[in-house]
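Heads up, the thing below is written out as structure tokens.
The values are calculated or read from the model by the stated rules, or taken from the named source; none is laboratory data. Please read these numbers as outputs of a predicted model, since none were measured by experiment. Please note: Cβ atoms are built from the backbone with ideal geometry, for glycine as well, and neighbour counts cover all protein chains shown. With ligands, DNA and RNA removed, areas are computed over all heavy atoms of the protein, side chains included. Shrake-Rupley method; radii C 1.70, N 1.55, O 1.52, S 1.80 Å.
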Amino acid sequence: MRVLVAWCPDWSVTAGMFELAETGEAQHPASQPAAVLANNIVEVCNGAARAEGVRRGQRRRDAQSRCPELVLLPANPERDVRYFEPVLATVEDLRPGVAPIRPGLLAVSAPGRYFGGEPHAAALLSQHLVDAGVWDCRFGVADDLFTAEQAARQAPVQDCVVVSPGASAAFIQALPVRVLADTVDGGAEGRELADLLRRLGLPTLGDFARLSRAEVSNRFGAFGLSVWQRAQGGAPTRLGSREPPPELACEIGFEPPLESAEAVCFSVRTTAERFVAGLAERQLVAVAVRIEAEADGVVMSARTWLHPRCFTSRDLIDRVHWQLQAGMASSGLRSRRDAGAVSAPVERVRFLPETVEPASAHAEGLWGGGADEQVTRGVARVQAMIGFDAVRTPVLQGGRSVADRQSTVAWGERPVGLRPLDRPWPGRIPGPAPSRVFAVPPAAEVVDEAGRSVTVTERGAVTGEPWRYRIDAAADVAARRWTPVASWAGPWPVDDAWWVSEGGAGRSARFQVVGVDGRAWLLVWRATGWEAEAGYD
Amino acid sequence: MSAQPLEAVATVADLQRRIESLQGGPTRLTVPVHPVLEGLVQLRTGTSYAVDSATLALGLAAGASRAGEWVGFAGWGDFGAEAADQWGIDLRRTVLVPDPGDLWLEVTAALVDVLKVVVLKPTGQVDAKSASILDARLRARSSVLVVWGEWPRVEARLSAEQAVWSGVGRGRGRLDQRGLRVAVTRGTRRSARDLVLP
């Protein structure tokens, strides 16, 4: 099998520039030097930057000192993949069976004589890719993947290098070992091997190929052996080609066009069933479907319908009915006779799946309800209503104050950076936890019998017995009234974070106070005044 | 020898109950309650309950969570996660919407769709019509609404009266255990019971 490889050099930079152009932040010509940095180290740079002396592995300040107008792009592998997807689709349109190897590199079985020979096929692909905005693409055709990739790397911009059948070994063996530095799966290992071979006095892959298999296996390990096999030429090629996305949309035409919604609904039944069955064959269900109705060759009614669970064929027919009826003028004064008539004869109805989900997520459990998946979906609806951050999952963590001992993470995210729970945390309040923990502690007042504010001395003694208290909590009228203290416990002094000047730092002391109404509070005294940290409601 | 048949009978009864509940449609299933509240109130799906204290709200949600169901808390900005954990609520199966804003009714309706017990702390007034729409939703979705605050029509209203804390004196000890008299009002009927909360 002949393999055609398309290579877009420095794809990370290209994708980053695409993203910049898309967000509209800045328009940079493709000739602008640019580099992708990870951890302040240059990972990839484009040709213009290389011409200025920027190299892979350089520090950011070195790169910028050599080329001050360098556009710096953050590394983002997802972005590279995302922007490579249209390229794959473009090639797939011309030649199915595309195998994405990594962002910027794809392989496809070479289309023999269909486009009039391999160079012509490459030229056609190149034309389509340039139309799609990817001007730097190179092609290589050979008997195996490794040779084809090396051929593509030899090719000039938008051109193709064809290694004729059987000539792979000769082509490969003429190459210098440094091509190993960025092969299909080389990376750091490839760079190391290239460096080692150069120092051993083996400048070309041909020299390496002349070593015996046992020697290579002993000295260079599994990776060396795989390179050696490729350098022999004729390493087996296995392309993990992807299948073109299946066509899931269904449509039906009516000849002659139908005039009443009932007739349309009756006629779309088999199409709706075919649509649902087509999805079910791939273990999918649709949760959002777009229904289009055509009249006189134009789409006269199109609407996306959402379903709380998933569409069955019956649901689809109902939606068609509603949609065609809703297209009418207001029905209040219309006679019963033409209640079902549509404004123009419908000649085509189309079902397009907008959102599909795996059927297993919607299957009913034996005892009813596939709980967790449904919850996930329901909560996603709430998130769509009030925002991603507004739905939280409470988590526990270690800490001294009650507010420190809990935290929340946005729904669907994993908690990170939590303090461990299994430490002793001296100074924490044991016993039952308060059911209300205030995020912003409301101010409070605690006075002794004579009406003086109670404070705590430096030695941790209270200046008077708490007699009455009130808490300035919004929306809690009862707590704002002065309440006599029934019993109290404390003080538990804490000298926390004395090294920072602001916030909740410095000396404080906690009290548990029970009012005569039976409500208990966790109050904290600070040099700035009293606060209510939590309530045992 | 005698324990095993008894156990089997209990299992069979449990399974029969579940089959019945599946056959009888989603309304009016019983939802387990926390052992402390056992006998005081029996939660049924499709109905709403009002409470006037955070502890009782946690207690009503705890039973379902201990039984492996999902629970949610809406409008409860000062949620005490540790207290919930001590009640036996599994925080991994807990959805918290601390501040639903003006959309609290819609958010509650969406949560009722998927969760077994939803505790709502209304941030505004609710009229009888919206409440009845939510009630209809509850019945259709077989879940329980616990309202911490006022609600137009509820199955039962639980209020905490006469809390007595033990373990704390005047300047010594610490809060240890709470004895609580809980009054349950169903329509005009009223009963009360003293509980010792965990």
- request: Taking the dipole about the Cα centre of region A:368-422, with the C-beta of Lys and Arg at +1 and of Asp and Glu at -1, give me whichever of A:Gly398, A:Gly412, A:Gln374 is farthest to the positive side.
  value: A:Gly398
- line: Computed over region A:478-534, the Cα gyration tensor eigenvalues, each multiplied by 5 and square-rooted, give semi-axes in Å (largest first) of 25, 12, 7
- line: Computed over chain B, the relative contact order (Cα-Cα under 8 Å, seq sep at least six) in percent reads 22 percent
query: In degrees from 0 to 90, rounded to the nearest 10, what is the angle of the helix A:11-23 Cα long axis to the longest principal axis of chain A?
result: 60 degrees
statement: Volume per residue (Å³) of the convex hull spanned by the alpha carbons of chain A is 307 Å³
query: Mind checking the angle between helix A:371-386 and chain A's longest principal axis? C-alpha axes, 0 to 90 degrees, to the nearest 10.
result: 80 degrees
task: Evaluate the relative contact order of region B:82-198 (contact order divided by residue number), counting alpha-carbon pairs under 8 angstrom at least 6 apart; express in whole percent.
output: 18 percent
- request: With 10 Å bins from zero, work out the P(r) of region B:26-150 over every alpha carbon pair and list the percent per bin.
  value: 14, 51, 31, 3
- prompt: Taking amide hydrogens as modeled 1.01 Å from N in the peptide plane, which residues meet the under 5 Å criterion relative to A:Val71, leaving out close sequence neighbours?
  reply: A:Ala34, A:Ala35
task: Could you work out how far helix A:118-131 tilts from the main Cα principal axis of chain A, as a 0 to 90 degree angle to the nearest 10?
output: 40 degrees
- prompt: How large is ³J(HN,Hα), in whole Hz, for each residue of region A:152-157 in order, when computed from phi with the Karplus curve 6.51 cos²θ - 1.76 cosθ + 1.60 and θ = phi - 60°, using x for Gly and Pro?
  reply: 4, 5, 7, 6, x, 4
message: Over chain B, with a Gaussian network built from C-alpha contacts below 10 Å, which listed residue (B:Leu43, B:Leu96, B:Leu120) shows the highest mean-square fluctuation?
response: B:Leu96
query: Placing +1 at every Lys and Arg Cβ and -1 at every Asp and Glu Cβ, with all other atoms neutral, what dipole size does region A:368-422 have around its Cα centre, in debye to the nearest 20?
result: 120 debye
Charge dipole of chain A about the Cα centre (unit charges at C-beta), most positive-ward option of A:Ala214, A:Leu284, A:Leu129: A:Ala214
message: If you average the C-alpha positions of region B:118-175 and of region A:378-416 separately, how far apart do those two centres end up, in angstrom?
response: 22 Å
field: Placed amide H near B:Glu161: partners under 5 Å, 5+ positions off or other chain
entry: B:Arg181, B:Val182, B:Ala183
field: Dipole magnitude (debye, nearest 20) for region B:26-150, charges at Cβ of Lys, Arg, Asp, Glu
entry: 560 debye
task: Tabulate in residue order the Karplus-calculated ³J(HN,Hα) for region A:481-490, using 6.51 cos²θ - 1.76 cosθ + 1.60 with θ = phi - 60°, rounded to whole Hz; enter x for Gly and Pro.
output: 7, 5, 10, x, 7, 7, 8, 8, 9, x
query: Can you list the residues, at least 5 places off or on another chain, whose amide H is less than 5 Å from the amide H of A:Leu284, using H built in the peptide plane?
result: A:Ala359
query: Using only Cα atoms, what is the ratio of the radius of gyration of region A:368-422 to 2.2 N^0.38 Å?
result: 1.39
message: Based on alpha-carbon centroids, what's the gap between region A:262-309 and region A:452-495 in Å, whole number please?
response: 67 Å
Cα-centred dipole magnitude for the protein assembly as shown, charges only on beta-carbon of K, R (+1) and D, E (-1), debye, nearest 20: 1780 debye
- prompt: Among bridges DSSP assigns within chain A, what percent are antiparallel (round to 5)?
  reply: 90 percent
Per-residue ³J(HN,Hα) for region A:462-468, Karplus 6.51 cos²θ - 1.76 cosθ + 1.60, θ = phi - 60°, Hz, x for Gly and Pro: 7, 7, x, 7, x, 10, 9
Per residue, in Å², the accessible surface of region B:26-150 once ligands and nucleic acids are set aside, probe 1.4 Å: 34 Å²
- prompt: Considering only B:Gly63, B:Gly88, B:Ala128, whose Cα is most displaced toward the positive end of the charge dipole of region B:61-145, charges sitting on Cβ of Lys, Arg (+1) and Asp, Glu (-1)?
  reply: B:Gly63
